[in-house]
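Please read the structure below before turning to the comments.
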Amino acid sequence: MVYHRTTLTILLTLPTTLITAFTTIGNSAFRTSTQLSASDSNALSPGDAVLLVGPGFLQLNTAKAAKAAGLRPVIVAPKKNVEAFSSYINDDDLIRDSTIGIPDPGEPFYGELAGLVFCAEEAILQPEIISTIIDWKDKDVFCEGGLKRIIACAPISTKINQEKSMGWMPIFNNDKGEKKVWENFVTAFKDHPAMNKMSKASLIRFGSLLGGSTDGPTELMSLGLDECIYKMSLENYRDLKERSFDRYRLGAQVLLGDATNVKPPKLEKMEKDAIKKGEVLEAYRCVGGYPEQDRANRHTIAHAVVQSLLRPVGEGGVPQEATVLSKCNPNLPTVEEWDQLFESPGPSKWPDPYSFVPEDYGIGIEVEGEKK
């Protein structure tokens, strides 16, 4: 089984042109009949093992969220990334259980894999990797009955705010090529029988990703990555922006399909007319469920992934394709709130600035030099 492990490792690490050349030869070995089969429940349960294919911070946040939910996450990434991850994730068990490829016979998690998540942040996964893993030749690597649940994470196709990525690891393709890489990846995922026939797979779109550490409510202490991730970008004030998402923007919006929550054109002027002081206006945009147009907290996406794994696709479960964005809430959604979000997806309403009462949020307003 060394050949199979080597194949996946190369798919995760080679430049785009080399991946294309390599997988053309190897694909026939993996594209046999799919290993997915119908079962009574296309959802994971606590104790199930789930393979997380990255690499990236979202992968690490998802691993910690999955562990907290009782799942057994297996981080898949090149060795050099796994070594660096140990200083970010601060969890020896997750690092110990990580791997550079699909488990071989006799290795941990062989015969136990029930879930699969593609959760890279950057455009590094080639479309061939989808069938390579889902249609793995050695079907015994999966749990009895095959994979129960599969999720792919991908960015929304159109962004309103051209937020820069954190840029913490090398990208093999240029900026112009990134969109095409994502398009090809998403197309291949949607075309796979797991998505278009078996209803075991779903696609989660995310906006520009921020946050993911511990500078927020107490619950993030066990879920967040080391605070050093706040300073992984050279962009001015980026660390403050990252921290603000962990402190104030943990709430979620679930929208059907590939979507954004566009701010009404007249609302910007209304806000400035209704709230004169800049610092109060800034505070207004950090409370009361104020929605993001196209940005998302890594914690929020990670929990959306985990909650989706624990639910089937379709009626009574989760949409086959949905976009998850953040909104201003200092706490992550509860299980019951995720139920409501998946059951009735849609953009959050934009608040009326004229009805904003700062004192309701402990915000004082200075009037003629005095604070009231």
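The values are calculated or read from the model by the stated rules, or taken from the named source; none is laboratory data. What you see is a predicted model; the values in this text were computed from it and never measured. A quick note on method: Cβ atoms are made from the backbone with ideal geometry, for glycine too, and the neighbour counts reach across all protein chains shown. When the accessible area is computed, the model is the full protein with side chains, heavy atoms only, and any ligands, DNA or RNA have been set aside. Shrake-Rupley method; radii C 1.70, N 1.55, O 1.52, S 1.80 Å.
Normalised Debye scattering of the stretch 262-372 at q = 0.19 Å⁻¹ gives log10 I(q)/I(0) of -1.01, counting only Cα atoms as equal scatterers and leaving out solvent. Stokes-Einstein diffusion for the stretch 197-301 at 10 °C, viscosity 1.306 mPa s, with a Kirkwood radius from C-alpha pairs, works out to 102 µm²/s.
Of the trypsin sites (Lys or Arg not before Pro) in the stretch 191-221, the ones in a loop by DSSP (not H, G, I, E or B) with at most 14 other beta carbons within 10 Å are 197.
Using 0.36 nm per residue and subtracting the Cα-Cα separation, the extra length available between residue 267 and residue 240 on full extension is 7.2 nm.
For the stretch 250-372, please report how many Lys pairs fall under 17 Å Cα to Cα, leaving out neighbours fewer than 8 apart on the same chain. Value for the stretch 250-372: 11. Average accessible surface for the stretch 233-339: 43 Å² per residue, computed with a 1.4 Å probe over protein heavy atoms with every protein chain in place.
A simple rule links phi to the HN-Hα coupling: the Karplus curve 6.51 cos²θ - 1.76 cosθ + 1.60 with θ = phi - 60°, which for the stretch 263-269 gives 5, x, x, 8, 5, 4, 5 Hz, with x for Gly and Pro.
Solvent-accessible area of the stretch 186-278 (1.4 angstrom probe, protein heavy atoms only): carbon and sulfur portion equals 56 percent. Averaged over residues, the count of other Cβ atoms within 10 Å places the peptides 334-343, 247-256 in the sequence 247-256, 334-343, highest first. Please report the carbon-and-sulfur percent of the accessible area for the stretch 115-156; probe 1.4 Å, protein heavy atoms only, DNA, RNA and ligands left out. The value for the stretch 115-156 is 40 percent carbon and sulfur by accessible area.
Which of the peptides 100-107, 208-215, 56-63 is most tightly packed, and how do the rest follow, going by the mean number of other Cβ atoms within 10 Å of each residue? Walk me through the numbers on the way to the answer.
On the way: 100-107: 16.6, 208-215: 23.6, 56-63: 27.8.
Ranking, from highest mean packing down: 56-63, 208-215, 100-107.
The orientation-averaged projection of the convex hull spanning the C-alpha atoms of the stretch 78-226 amounts to 10.6 square nanometres.
The stretch between residue 315 and residue 79 holds 81.0 nm of extra length on full extension. This uses 0.36 nm per residue minus the Cα-Cα distance. Spin-label model, residue 187 to residue 90: label points 7 Å out along the Cα-to-beta-carbon direction sit 4.3 nm apart. Of the GluC sites (Glu not before Pro) found in the stretch 206-314, those that fall in a DSSP loop while having at most 15 other beta-carbon atoms within 10 Å are 235.
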